[in-house]
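Written below as structure tokens is the structure these notes are about.
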Amino acid sequence: MIGYAVIFAFVCLSLALTLNLWRLLKGPTVGDRIVALDTMVINAIAAIILIGIATVNDTYYEAALLLAMVGFIGTVAYCKFLLRGDIVE
Amino acid sequence: MAVPLMLYTLVILPFLAALLIAIGSSHGRALHSGLAAAGSALGLALILGIAGRVIGGDVLAVSVPWVPVIGLDFSLMIDPLGLMFAGLILGIGLLVVIFGHFYLASDEATGRFFASLMLFQGAMLGIVLSGNVLLLLVFWELTSLSSFLLIGFWRDKAEARQGARMALAVTGGGGLVLIAGMVLLGTIAGSFDLMTILERGDIIQASPLYPVMLVLILIGCFTKSAQFPFHFWLPHAMAAPTPVSAYLHSATMVKAGVFLLARLWPVLSGTELYTVIVTSVGLITMLMGAWVALFKHDLKGILAYSTISQLGLLVMLLGFSLEMAAVAAVLHILNHAAFKAALFMSAGIVDHETGTRDIRRLGGLAKVMPITAIVATLAAAAMAGLPPLGGFISKEMMLDETLHVGLFGISWLVPVVATIAATLSVAYSLRLAVHLFFGKPREAEPHARAHDPGAGMWASPAFLVILAVLLGLVPMALAGPLVSSVAGAVIGNAAPPLGLALWHGVNVALGMSLAAVAIGALLLWRHAGLLRGYEAMRHLDAKALFDRTLGAADREVRKLIVATHSPSLQRMLFASFAVIVALVAEGALTGGGTLTGARAGQPASAVAIIAWGLLIAATIAVVRAQRQRFLVLIYISVIGLIITLAFVHFSAPDLALTQISVEVVTILLLLLALNLLPKTPPLLSSQPRRYRDALLAIGGGLGIGGAAWAMLTRNPNDPISSFHLANSYSGGGGTNVVNVTLVDFRAFDTLGEIIVLGIAGLAIFALLDTTSRGAAGARLRSWQEDMPHSPERHPLMFVMATRILLPLVLAVGIYIFLRGHNQPGGGFIAALVVAIAFLLQYLASGFDWTDARRRVGEHLLIASGVLVAMATGLGSLVFGANFLTSSFGYFQVPLVGEVELATALLFDIGVFAVVFGAVMQALAQLSQISQRAARAHAAQVEAQQQGSEP
């Protein structure tokens, strides 16, 4: 049963990542692209967890944890750059 | 004390003293000179303790291999020659330290002075005690470097800086030539061990390489010992403080060349070539130095040229290839060290008390400075070679030896020229004493406040002068055994019987000596007229010539650089990548073999194919948007993200963790830099050139892709991979092979890498810290902010969220660090994670807020990281294991249970500190530039507003 769930989730994730990239490349505003990137990071976290479930392996849990913890920093930095130019004032 | 320990202690003591002085440099003058004096005195005591044994014929030696592959051993030996020089270095060193304590004002950088002086002493001792010629070269270079520091001690004086540079260029350049000569010598002799070389004189002189080797070694000796035509640096080195001149430029360093000639005398001397070159160079130097010394006005200038002349005398004596001449040289080394150091110190006293060193402005000082006058006059008399002083005996021996040497087949040439030089030296010595201390005072001003200094200053020269007198009165008792045993060591056989005495009956040498004194006195009487004649002549300005040569060399090198090194980054990158691609293509086409290996592929899942498609799409987007730099950064983030997924997919958790954290840090640093850069740069290349570059890029991509394909379709190189897997736990105590490889199996590589990283961090600092100055500073000041400014600097939500996040991220960092040895993680990743935690604070709360709360600077982090890693490696040496051998054990800790502790963990701490420090360094420097630029911009805006208001 879990096998089908994993396959379904992979299909959804692949679709989501593709759509994210579509938005990211198309824009039209920079804000769209940054939000698309942020969503991609979230989907990547999901993908890592999913790979762990699919292979019954908890080694990659830390990678997902780390990405969840620091993945948003890039987004914040891009936004800060857009707002103020200098990200460390 | 055991011999090996004693020899090591002798050489290490001065370096230890230098280190201690440098550490205590914030303390007073008394501590600095006290440490220096203690070091010298201790060394001197050690030397005196073994003097009896060594003079009796024992050669004490010790040797440990250093770099055995090239024949470099750390071997020290002490024979009579080394003993005499070590005694001179330490004895005069001690006197100079005492003199220097009173000579330097207490507000000068005495710590730096005495530390450099001790550094020099150690280097010099190393030269005379080396038992391996390669080791000798190491110390030889050290003397050039420490002498550079000492000559340039008064950094604010242009002449000191120029003098130091010239001395380094000449003696350092000569040192390079000497290296070539010594390597040839060792190759011919088949060993770099000094004792072995000294026994193989016949083989060496029979070699066809002998003439080349001889000339190379002689250039090294002549540059160091200020022989014609390399003598010109010595007078300019007189910009050094007088204690330095007394120590380096009369008694010790300039004698290094003479020492080496004496040391290698058994293997080098005796051939026609040797005798002709060395004798004539010595003779010319002796004559020229004496002539110029007669007409110099600066006291130290007179002494510098007289030193050149006396060194010429020594070199000439060694050039005769006669055993008795070698004896005379040894005796004269002792004499010269005594009277010349005393004279320099006296000159220092006169300068110190009157404020001038110009002999034309001084005179009649005997009345106001009687003690200095007695000391200096006796020393000058010894230099003139007047009886009953030591100088008389060695000068008479020298004149006697000249009678046995015919140069270019002319038997009278050497005696006549030597007598003329002796005459001149009588004249300049007498002039120094007479014009300085006798007659009428010439100018009132320097006299008014002149008086004898305290005993601390005149004690050292007085002691030396007493020695110089005793060397004349009781030469056999004082120096007989020493001179004859040292001469034996120089010659390599027993020295001829020695009869040092003032009176040898009436002979030719006595006649020459008498003539020299008489005519010398006459010259002094007629000095004013001679001086007018000398000054009417045109003289070659060696310094101008040197500067011109250096300038010309500089211009040529610049031309070469401009011709070969284009300042265009695009062109340089194209050139380097073109070469790489060509080399790889050449290797792939001619190397043979197939592109695809034997390993079967893995099935590609649909998800993997989609990820691959995303990667390709993002890459194309980067290329298409390459001039919109901000967009490019976003696209690059996508690539980084997908590569992280790929690492997870292909079971590389360490790499995934690294990729995630590196990605964040990279984006932050790039954004910081982008703020100051054009956001959409103009087109830099023409259309055809861009096609050319595209072709190269495609070529490079194909090459890398092909290489990756070839690698991935082959099985791993199994002896290595399986070794690591099998031995990771049993040998390194960890189950994470990646980490064990980094900190244990290949720890030496890692050590090198973190050192490089540390250097890179410092280079970032060096490059960016100077951006506020010069042309870069001007560009920065005219920088225009081109980004919009929202009013909110530090959004409250963001600030609060990041402060809560700080301890959490730090905890994760520590966790990743601690488990790294067995699970994915380790020092490198942990450092990046912790750095991110701090970067986040900078980002949210601003630079000033965060920087004010940070206690440990980046430099300290980098330095302590490298030191910890080094110390861990060296720690294993203490336990008798090889460098960087790791050890581990399991311990029971209450509540926690069994804990493994490995020395590799300590090493990992070093890695952590360096990586963390380097990342923070880059961030701090980049953001400081932005802030400087922003401040400059704000000031400019304000100025414009003020300008427009009224």
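Computed from the coordinates by the stated procedures, all read-outs in this text should not be read as laboratory data. This is a predicted model, so every value here is computed, not measured. Positions of Cβ are backbone-derived with ideal geometry, glycine not excepted, and every protein chain shown enters the neighbour counts.
Per-residue packing, averaged as other Cβ atoms within 10 Å, sorts the ranges B:478-488, B:218-228 into the order B:218-228, B:478-488, beginning with the highest. With contacts taken as Cα pairs under 8 Å and at least 6 residues apart, chain B reaches a relative contact order of 8 percent. Taking every alpha-carbon pair under 8 Å whose residues sit at least 6 apart, region B:1-51 reaches a relative contact order of 39 percent.
Extending 7 Å from Cα along the Cβ direction at B:ALA494 and again at B:ALA2 yields two label points whose distance is 3.5 nm.
For B:LEU407, nonlocal amide neighbours, meaning residues 5 or more places apart or on other chains whose placed amide H falls under 5 Å from its own, are B:LEU413, B:VAL414. If the segment from B:ARG161 to B:ARG781 were pulled out straight at 0.36 nm per residue, it would be longer than the present Cα-Cα gap by 219.9 nm. Among the residues of A:34-43, the average count of other protein chain beta-carbon atoms within 10 Å of the residue beta-carbon is 3. In a Debye calculation with equal point scatterers on the alpha-carbon sites of the protein assembly as shown and no solvent, what is log10 I(q)/I(0) at q = 0.09 Å⁻¹? Log-scaled intensity ratios, in q order: -1.06. Taking the longest Cα principal axis of chain B as reference, the axis of helix B:542-564 is set at about 20 degrees.
Rounded, prolate or oblate: which fits region A:2-84 when a ≥ b ≥ c are the square roots of the eigenvalues of the alpha-carbon gyration tensor, with rounded for a/c under 1.5 and prolate only if a/b beats b/c? Taking the square roots of the gyration eigenvalues as a ≥ b ≥ c, region A:2-84 is oblate. Modelled label positions at A:ALA54 and A:THR18, each set 7 Å beyond Cα in the direction of Cβ, lie 1.5 nm from each other. Peptide B:633-645 has a mean of 6 when you count, residue by residue, the C-beta atoms of other protein chains within 10 Å of its C-beta. Residue pairs exceeding 31 angstrom between C-alpha atoms, taken from B:LYS300/B:LYS367; B:LYS157/B:LYS440; B:LYS300/B:LYS440; B:LYS255/B:LYS543; B:LYS157/B:LYS395: B:LYS157/B:LYS440; B:LYS157/B:LYS395. Entry note, chain A: relative contact order of 25 percent, from Cα contacts under 8 Å with a spacing of 6+ residues. Summary of the geometry: region B:99-166 and region B:855-934, compared by the centres of their Cα atoms, lie 35 Å apart.
At full extension, B:GLU792 and B:LEU540 could sit 83.6 nm farther apart than now, given 0.36 nm per residue minus the alpha carbon distance.
Partner shielding of B:646-656 amounts to 4, given as the average count of beta-carbon atoms from other chains within 10 Å of each residue beta-carbon.
For B:SER130, the residues whose modelled amide H falls within less than 5 Å of its own, excluding neighbours fewer than 5 places apart on the same chain, are B:MET77. If you average the alpha carbon positions of region B:644-707 and of region A:1-69, how far apart do those two centres end up, in angstrom? Going from one Cα centre to the other spans 22 Å.
For region B:474-563, the set of trypsin sites (Lys or Arg not before Pro) satisfying both a DSSP loop assignment and a count of at most 14 other C-beta atoms within 10 Å is given as B:ARG526, B:ARG538. Under the convention that each Lys and Arg Cβ holds +1 and each Asp and Glu Cβ holds -1, the size of the dipole of region B:484-603 around its Cα centre is about 280 debye. Restricting region B:723-820 to trypsin sites (Lys or Arg not before Pro) that sit in a DSSP loop and have at most 10 other Cβ atoms within 10 Å of their own Cβ leaves B:ARG773. Scalar couplings 3J(HN,Hα) for region B:423-430, obtained by applying the Karplus form with A = 6.51, B = -1.76, C = 1.60 to θ = phi - 60°, are 4, 4, 6, 4, 5, 5, 5, 5 Hz; x denotes Gly and Pro. Each of B:ILE12 and B:TYR691 was given a label point 7 Å from its Cα along the Cα-to-Cβ line. The distance between the two points is 7.0 nm. Only helices enter the 222 nm calculation for chain B: every DSSP H run of n ≥ 4 contributes -39,500 (n - 2.57), and dividing by all residues gives -24000 deg cm²/dmol, rounded to 500.
With the charge dipole of region A:2-84 set up from +1 on Lys and Arg Cβ and -1 on Asp and Glu Cβ about the Cα centre, the Cα lying farthest toward the positive end among the listed residues A:LEU24, A:TYR4, A:VAL41 is that of A:LEU24.
Rounded to whole numbers, the Karplus 3J(HN,Hα) couplings from phi for region B:98-107 are 4, 4, x, 4, 8, 6, 7, 5, 6, 8 Hz, using 6.51 cos²θ - 1.76 cosθ + 1.60 with θ = phi - 60°, and x at Gly and Pro. Subtracting the Cα-Cα distance of B:LEU877 and B:ARG360 from 0.36 nm times their residue separation leaves 179.8 nm of extension gain. Between B:HIS565 and B:ARG629, what's the calculated FRET efficiency when r is the beta-carbon distance and R0 is 30 Å? Round to 0.05. Approximately 0.65, to the nearest 0.05. Here the Karplus curve 6.51 cos²θ - 1.76 cosθ + 1.60, taken at θ = phi - 60°, turns the phi angles of region B:16-33 into couplings of 4, 4, 4, 4, 4, 5, 5, 5, x, 5, 7, 7, x, 4, 4, 5, 4, 5 Hz, with x standing for Gly and Pro. Round to a whole angstrom and tell me the spacing of the C-alpha centers of region B:824-840 and region B:577-638. Taking the Cα centre of region B:577-638 as reference, the centre of region B:824-840 is 28 Å away.
Using Cα atoms only, what is the angle between the long axis of helix B:272-293 and the major principal axis of chain B, expressed in degrees (0 to 90) to the nearest 10? Value to nearest ten degrees: 80. Overall form of region B:54-188: oblate. Here a/c, set by the Cα gyration tensor axes a ≥ b ≥ c, is 1.5 or more, and a/b is not larger than b/c. Return one number: the angle in degrees, 0 to 90 and rounded to the nearest 10, between the long axis of the Cα atoms of helix B:299-319 and the longest principal axis of the Cα atoms of chain B. So the helix axis and the longest Cα principal axis differ by about 80 degrees.
The calculated FRET efficiency for B:SER887 paired with B:SER721, based on their beta-carbon distance and R0 = 22 Å, is about 0.35.
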